[in-house]
Structure formats: structure tokens, C-alpha cells
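Student: My questions will all concern the structure given below.
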Amino acid sequence: MSPEHVPTRVFADAEEASRAVAADIAALIRERGSLGRACVLGLATGATPIGVYGELVRLHREEGLSFAGVTTFNLDEYYPIAPDELQSYHRFMREHLFDHVDIRPENVHIPDGTVGADRVHDYAAAYEDAIAEAGGLDFQLLGIGRTGHIGFNEPGSARDSRTRLITLDRVTRRDAASDFFGLEQVPRRAITMGVGTILAARRVVLLAFGEHKAPIIAQAVEGPVTARVAASFLQQHANASVVLDVTAAADLTRFRTPWLLGPVAWDDGLIRQAVVWLARKLDKPILKLTEEDYNEAGLQDLVAARGPAYDINVDVFREMAETITGWPGGKPRAMKRPGDIDRPTDAVFPKRVLVFSPHPDDDVLAMGGTLIRLAEHGHEVHVAYQTSGNLAVFDADAVRFSEFALDFSRIFAIQPEEAARIERHLEEQLRHKRPGQLDSPEVRRVKALIRRGEARAAARVCGLPVERLHFLELPFYETGTVRKLPPGEADVAKLVALLREVQPHQIYAAGDLTDPHGTHRLCLHALRMAFERVREDAWYRGCEIWLYRGAWQEWEPERMDMAVPLSPADVVKKRDAIFKHQSQKDRAMFPGPDEREFWQRAEVRNREAARLYDRLGLAEYEAIEGFVRWKAAES
Ligand code: F6R
């Protein structure tokens, strides 16, 4: 019997999944329209449904999908919040959907974040009445929070809860912190439809994308029905389904341990996954796994197909041991010692290496140790910072640096009037700025410059010459807000120009898909489009592409194709490089999903990777940076 208690569809990527869900919604709208009936949609906000709304807008523009007969009810809204605030869900819905389709304003319902505290109770009851009067929800679209919330039904919300004012969970507020430019600015409460309101919809579709959603999705779909995970109540709905991309589905049994569900086709990747899983489960080195271990854990089929156990162990051990190399750019023949294996990458030495870093610090955070090695080995290393990263700089730092610039220009008599003008402008802008308000272009420039200086300082620590740093400041990022534009021609053109200028033998890029605001995802997407353009270039055909992970997570050991060990001295040097990103410290004031400082996260992650390799019986290193080989053309 499948352990999945809600029908679950898994797509290759978020775009494909979003198109499928939008097509379902469009079909429903048309079907109801053909019966002369209104279509009542329950809608969600957040990063997840943006692609669905984009596709619905396209269907409206290009395929005549009309929203004239559609009535909508949004799940929730922060409380208190004015509808024109940057983070308001009223504004979100206008920007992503309502301003672009022919929906009637009177048919749109979104909880009002401005109702007085004494009226909220009645207001919530009236919201429920309005849904009932519209005939109930035909279709409810949902996202899921890392707490398992649907709408803002945080852990503890009852199955029959209805629209009400609730207090937001700490994790939820932290996740929203960068939208609000700081945890303190995130409202403590929200008005949300209840679990009962959602379950009363005739059809419910929950969407989740990204590996940060994988653990909670596994609980919601395969775990017990419990008020601790509001989304688990969907298991009791007769017409609910879950739509995922492969990364959000990764912790479901059919992907994590498919051999437990029935016969599988054993290939090298799956064998490695099973062996590492078994070794970690039993906390044993790979070479000590026995026939009984395999049999008792449900891996009899693997032993029968590829056994005996010891042969499987040795194959996986060898393959993984060969991923370890202190020579990420290859090792020249002259340097080889007896027993060193030959790798295809050794052929060209030294190499031209091009590292793409989405923000100005991802290079050192994710692969500082590897950068140190590449520089030491004499490769020509270029680093391209894809975005300016200005959004993550505190106002106080911008003021501090503009004062420095003013003093500097006064002392050295370099157009001090101009520096004084900019400094006054900054002071003025920032004094009147409300939390979450957009920065002026000048303020953004200053913030970007701060990050440039930090990136240069960090690169110097790694031994990289600053003339090979490229600050691309891709336009898709420059919206001044957390929400980005889809990467377009201007972004791709910059990437292509640099690729053709450097003609690298080796490329490193962030394959981190967990980045909460999707900047890493968009950077990779832009790169993919650029690779498409250069695929016929002679240099590109021999080019190796390696993916590293950003700040949040490391590759699973069984997926690493290259594991670069760091010596204790490299770890200290890497830390020093990260420290140069001074504007990025004090994350507690500007937190992401994790409260630790970036350098701590990077270090823990690298040490943890080394510990795993050690526990698998491979080798005992201080720290490891992991990479997965990427074939852009195939993806
Ligand atoms: C939004 C909502 C929330 C989000 C959830 C996931 O209206 O009700 O439940 O769906 O917090 O947010 P994202 O999509 O930003 O990861």
C-alpha cells in the first residue's frame, strides 16, 4: 500500500507544475462558464503560486480565458496591515493577477488587515458568510509553510477551525522577515480562513516547490493526521491533491527509499543511494555492511541482483572514494604520485575557471576552500557576481559609507560638493524611510558598492586577483524589492558576453534551489539560457560544469561527484574570507530561515560533510565542500 495518503503529482520543475495547475483552474472556469455558473476560487499568496498566476494571466491574454464570471476569496492577510503596503496580500494579488485579468473588483475578496480589533470577530464571521453566499469554494489553491500551515493555520489549529484572527508562529515570522526588512517589522498576527473553511472547498490543490519544503511535505502526505501539521488534514478530504516539483518531493518514500515499496531498476545512482542510506541508518562504514544488514533492511532484492554484499560495498566505496580530490582543477602529470588516478580533467592544466556567484558572498560561503585551492594551483580564476545583493545591506551601513566617501573626498579635494550632495540625499532618504519602503536608486547604488568592496576583500583572502572579478549586476534583481523579475534578454546577454570573453574550461555555479526568495533559482535559470546560446561554441563543448550549494544546505553525500577536502588551515582562511562580508553579519537582525550567522552555517555544513565521509569509512578530513556535475545541455 502506498504510504502517500493524498494523491500526489510530481513534476520536473515548478514551471511545468504551475502550468498544469493553471490549466486545471482554466478548465474549471470554462466548465462553470459553459453552465452559466460563477466559478468560486480560493487563492493563496507567497512565492509558490506566482507561476500559476503568471500562466493564468497568459491564458487570459493569449487564449481568451475570461475571469468575468469568477469570484475569489483569498486565504489570508497579515494583521494589521494597510492594503497598499509592499507586503500586503491585497497588493500581491493585484500585482500578480487581478490587475492583469478582467475580474470584477466586486467579486474579489481578501481579508481586510485594517478592521478594528473590536470588529475582527464579526468581520471573520461575515467572510465565512460571503463564501457561503457565493455557493462555497469550487477550488482552493494552497501553499504550505515550513510549520505545515495552510493559510495561516499554524500548528494547533483544529480541523473545524473557521476564519479568525491568529498569532503567527515564530518560524513563519522568521520566514517572512526579509520581506519585511527585519523580524521586528513582521506583524504578529494574521486573519486566515480556518482548516474547516479550506476542507469545505469542493476541490483542494496544495502546491510546494523547493527542497526546503521536502521534510514538511513528507509529514503532510505520509505522516499521521494531526493538528501539529495543519496540511495533514487534507488526507481526510475526498478531492484534495498535492502538486510538487522533484525537489519538494525528495523526502517521500518513493524517492528517498523506493526499494521499500517494491521492485526497482537498480542503476549505479540508486545503488549508491541505497548503500549510503543503509550505512547511515546502521551507523556503519560501507565496507562493514553484511549480507544480513542488507536483508534485514529490505534490500534483499539488491543483493540478489548485484550481490554478494561485499562486492556491492566495494564498488560503492571505490566510486565514492574517487570523488575526493584536493585538485579541483585537475592534477598535472608532473605532480602525480604513485597510486594517483587519472581523471579526464587532468588533460588541461592550468585552466580558465569561471565561478558564478548569485550574491556577492556565495562564492566564498559555498566554495571558499575550493577557491583557495584553485588559486594556489595557478588556475586563471574569474568570479562573476550575478546580482548586486544591495537588498541585504542595512541602511545604517549605507550612511556610514557615504560619510566615509564624503570625508575622503574632502580630505583629498575630490569634488566634495558632489559627495556632500549624495551624503545629504542618503541621510534624507533614510531618515524618512518607513520599514519595508523602497530605496532610491542612489541608496541602492551605495549598498551595491558596499558589497562590491566586501567581495573584493574576500577574494583577496582566497588569493584571487581582483581584476578577474566581474560585477554583472543583472537587471532582473534590480527591482528594489524582494520580488524579482523573470530573467530576460538583458540578463542573458551579459552572461553570454562574459562566457565568450573568458571561454572557461571549468564553470562553477550555485545549484542551490532552497534560496527562500528564489534568487539562486533565477540565477541558475538565466545561466541555463546563456548556456543554450553558447552550446555550439568550440570552447563550450569541452567545458565542465560543477554545481555547488548556497548557504542553506549541502549536497547529500551520495550525490556528490566531487568532494574537495579542506585542511584545518583552509577552514580558518575560508572563515576569514567570509568575515570580509561585514554587511552580512548580525543575521539575527535580518534573519533567514536559520538563526546562525552565515560563516557558522558554512562551517558546520563543511564539517558535517567531512564527518559523513568519515562515518562511511572513506577518509577523515577536517571539512569537505561538495559539488555535483551538471550537464546543462541535458537538463
Ligand atoms: C499564503 C498562505 C501561506 C503560504 C505558505 C507558503 O496565502 O496562506 O500558507 O502558502 O506560507 O509560502 P511560500 O509560498 O512563500 O513558501
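The values are calculated or read from the model by the stated rules, or taken from the named source; none is laboratory data. Note that the structure is predicted; figures quoted are calculated from it, not measured. Cβ: placed from backbone, ideal geometry, glycine included. Neighbour counts: every protein chain shown. Accessible surface areas use protein heavy atoms only, side chains included; no ligands, DNA or RNA. Shrake-Rupley method; radii C 1.70, N 1.55, O 1.52, S 1.80 Å.
Student: At 0.36 nm per residue, minus the direct Cα-Cα distance, what do GLN582 and ALA132 gain on full extension? Give it in nm, one decimal, please.
Tutor: Gain on stretching GLN582 to ALA132: 156.6 nm.
Student: What residues have an amide H closer than 5 Å to that of LEU65, excluding those fewer than 5 places away on the same chain, when H is modeled at 1.01 Å from N in the peptide plane?
Tutor: Placed amide hydrogens put HIS60 under 5 Å from LEU65.
Student: Something else: Hey, can you rank 6-16, 331-341 by average C-beta count inside 10 Å, highest first?
Tutor: Going from most to least packed, we get 6-16, 331-341.
Student: Using +1 at the C-beta of Lys and Arg and -1 at the C-beta of Asp and Glu, which of GLY626, GLY339, VAL242 has the Cα lying farthest in the positive direction of the dipole of the chain?
Tutor: GLY339
Student: Could you state the number of Å between the C-alpha centres of segment 279-327 and segment 442-496?
Tutor: Going from one Cα centre to the other spans 44 Å.
Student: Which FRET efficiency, nearest 0.05, do ALA12 and GLU63 yield, Cβ-Cβ r, R0 22 Å?
Tutor: 0.40
Student: By DSSP, what percent of the beta bridges with both residues in the chain are antiparallel, rounded to the nearest 5?
Tutor: Roughly 30 percent of the DSSP beta bridges within the chain come out antiparallel.
Student: Still on this model: Please give, to one decimal in nm, the separation of the simple spin-label points placed at LYS288 and ILE411, each 7 Å out from Cα toward the Cβ.
Tutor: The two pseudo-label positions are separated by 6.1 nm.
Student: Leaving ligands, DNA and RNA out of it, report the carbon-plus-sulfur percent of the accessible area of segment 8-253 at a 1.4 Å probe.
Tutor: 50 percent
Student: Continuing with the same structure: Whole number in Å², please: accessible area per residue of the chain, 1.4 Å probe, ligands, DNA and RNA not counted.
Tutor: In whole numbers, the chain has 43 Å² accessible per residue.
Student: Search the structure for amide H atoms under 5 Å from the amide H of ILE545, placed 1.01 Å from N in the peptide plane, and list their residues when 5 or more places away or on another chain.
Tutor: Excluding prolines and chain starts, which carry no amide H, the hits are ILE507, TRP630.
Student: Still on this structure, I have one more. Put +1 on the Cβ of every Lys and Arg and -1 on every Asp and Glu Cβ in segment 257-321; which of GLY298, PRO263, ALA321 then has its Cα farthest towards the positive end of the dipole?
Tutor: Positive-end residue among those listed: ALA321.
Student: Another one. What length, rounded to one decimal in nm, is gained on full extension from ASP561 through to ARG146, with 0.36 nm per residue of separation minus their alpha-carbon distance?
Tutor: Length gained between ASP561 and ARG146: 146.5 nm.
Student: Cα gyration tensor of segment 257-321, axes a ≥ b ≥ c as square roots of the eigenvalues: rounded (a/c below 1.5), prolate (a/b > b/c) or oblate?
Tutor: rounded
Student: Something else now. Could you give the dipole magnitude of the chain about its Cα centre, charging the beta-carbon of Lys and Arg +1 and that of Asp and Glu -1, in debye to the nearest 20?
Tutor: Around 620 debye, computed over the chain.
Student: From the backbone phi of segment 407-424, what are the Karplus-calculated ³J(HN,Hα) couplings (6.51 cos²θ - 1.76 cosθ + 1.60, θ = phi - 60°) in whole Hz, Gly and Pro given as x?
Tutor: 4, 4, 6, 5, 4, 9, 6, 9, 5, x, 4, 5, 4, 5, 4, 5, 5, 5
Student: Run the quick spin-label model on VAL171 and ALA619: label points 7 Å from Cα toward the beta carbon, then report their separation in nm to one decimal.
Tutor: Each label point lies 7 Å from its Cα, and together they span 3.7 nm.
Student: So if I take the centroid of the Cα atoms in segment 348-381 and the same for segment 199-261, what is the distance between those two points in Å?
Tutor: 39 Å
Student: On a full-extension model of 0.36 nm per residue, what is the gain between ALA265 and ALA23, subtracting their alpha-carbon distance, rounded to one decimal in nm?
Tutor: So the chain would gain 83.8 nm between ALA265 and ALA23.
Student: Helix-only mean residue ellipticity at 222 nm, the chain, DSSP H runs n ≥ 4 weighted -39,500 (n - 2.57), per residue, nearest 500. What is it?
Tutor: -12500 deg cm²/dmol
Student: Additional query: Using amide H atoms built 1.01 Å from N in the peptide plane, name the residues 5+ places from VAL383, or on other chains, whose amide H lies under 5 Å from its own.
Tutor: VAL355, LEU469, HIS470
Student: Residue by residue through segment 195-212, what is 3J(HN,Hα) from phi via Karplus (6.51 cos²θ - 1.76 cosθ + 1.60, θ = phi - 60°)? Round to whole Hz and write x for glycine and proline.
Tutor: 4, x, 4, 5, 5, 6, 5, 6, 9, 10, 10, 9, 10, 8, 10, x, 5, 5
Student: I need the calculated FRET efficiency for the pair ASP342 and ASP537, taking r as the beta carbon distance and R₀ as 30 Å, to the nearest 0.05.
Tutor: According to the calculation, E is roughly 0.65.
Student: Quickly work out the ARG333-to-ALA82 label distance, labels modelled 7 Å from Cα along the C-beta direction, and quote it in nm with one decimal.
Tutor: Roughly 7.3 nm, to one decimal.
Student: I'd like to know how the chain sits against the 2.2 N^0.38 Å rule of thumb: what's its Cα Rg over that expected value?
Tutor: In units of the globular-protein estimate, the chain measures up at 1.03.
Student: Projected onto the charge dipole of the chain (+1 at Lys/Arg Cβ, -1 at Asp/Glu Cβ, origin at the Cα centre), which of ALA526, ILE578, ALA17 gives the Cα projection farthest towards the positive end?
Tutor: ILE578
Student: Just order 283-293, 373-383, 144-154 by mean Cβ neighbour count inside 10 Å, highest at the front, would you?
Tutor: Put in order of decreasing packing, that is 144-154, 373-383, 283-293.
Student: For segment 257-321, what % of the accessible area comes from carbon and sulfur atoms, probe 1.4 Å?
Tutor: In segment 257-321, the share of accessible area belonging to carbon and sulfur is 51 percent.
Student: Spelling out what I want: for every residue of segment 356-362, take phi, set θ = phi - 60°, compute 6.51 cos²θ - 1.76 cosθ + 1.60 (Karplus), and round to whole Hz; glycine and proline get x.
Tutor: Residue by residue, segment 356-362 yields 9, 10, x, 9, x, 10, 5 Hz.
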